Amino acid sequence: QVQLVESGGGLVQAGGSLRLSCAASGSIFRINDMGWFRQAPGKQRELVAIISSGGSTTYADSVKGRFTISRDNAKNTVYLQMNSLKPDDTAVYYCNADVAHTYINKYYPYWGQGTQVTVSS
């Protein structure tokens with residue numbers, strides 16, 4: 001019903017930057033929170049950043065001051081600008097969106113397929 005398509009991952013040297021994008025499409029009436037999570041090998045998936053429909057943001061302590069989340073509500077798209085990347089940032093990054101399909105305020109979580117970010121030292 002809803003597809004989230006991520007792009008922008010890749011290989012970068014420590015100290016470099018990447019910008020991830022995630023576009024939502026399908027049966028969308030309204031999107032509440034949108035966010036980015038990541039999962040490194042052998043570790044649990046963790047929150048990176050979340051942005052509300054009104055633009056309020058929350059960041060993991062490990063990325064504060066280096067990553068910036070933003071969104072374009074008209075395009076149903078969320079972005080993650082990642083600066084000063086570290087090898088510890090290496091992970092598969094997943095986007096997430098809470099989507100209402102109708103005017104009824106019932107939201108369902110959707111996930112993207114993930115995009116690999118690799119930071120070399």
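The values are calculated or read from the model by the stated rules, or taken from the named source; none is laboratory data. Computed from a predicted structure; not experimentally measured. All Cβ positions, glycine included, derive from the backbone under ideal geometry; neighbour counts span all protein chains shown. What goes into the accessible areas is simple: the full protein's heavy atoms, side chains included, and nothing from ligands, DNA or RNA. Shrake-Rupley method; radii C 1.70, N 1.55, O 1.52, S 1.80 Å.
The table below lists the values:
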read-out	value
Search result, residues across segment 63-74 that are open to solvent by 60 Å² or more (accessible area, probe 1.4 Å) and not in a loop (DSSP other than H, G, I, E, B)	Thr68, Asn73, Ala74
Selection from segment 20-51 of residues that are open to solvent by 30 Å² or more (accessible area, probe 1.4 Å) and more than 17 Å from Gln116 (Cα to Cα)	Ser25, Gly26, Ser27, Ile28, Phe29, Arg30, Asn32, Asp33, Ile50
Pairs where the first residue, in segment 81-108, is assigned to a loop (DSSP other than H, G, I, E, B) and the second is among the small types (Gly, Ala, Ser) and exposed (fewer than 13 other Cβ atoms within 10 Å of the Cβ), C-beta under 6 Å, 6+ apart	Asn83/Ser17; His101/Ser27
Single match in Gly35, Gly55 (criterion: in contact with a Ser or Thr (Cβ under 9 Å, 6 or more places away or on another chain) and at negative phi)	Gly35
Failed condition for Ala74, given (1) free of Cβ contacts under 8 Å to residues at least 40 places away in the same chain; (2) within 15 Å of the chain's Cα centre (by Cα)	(2)
Within segment 20-59, strands (runs of 3 or more DSSP E) holding 1 or more residues that are touching a residue at least 24 places away in the same chain (Cβ under 8 Å) and closer than 22 Å to Tyr108 by Cβ	30-39, 46-51
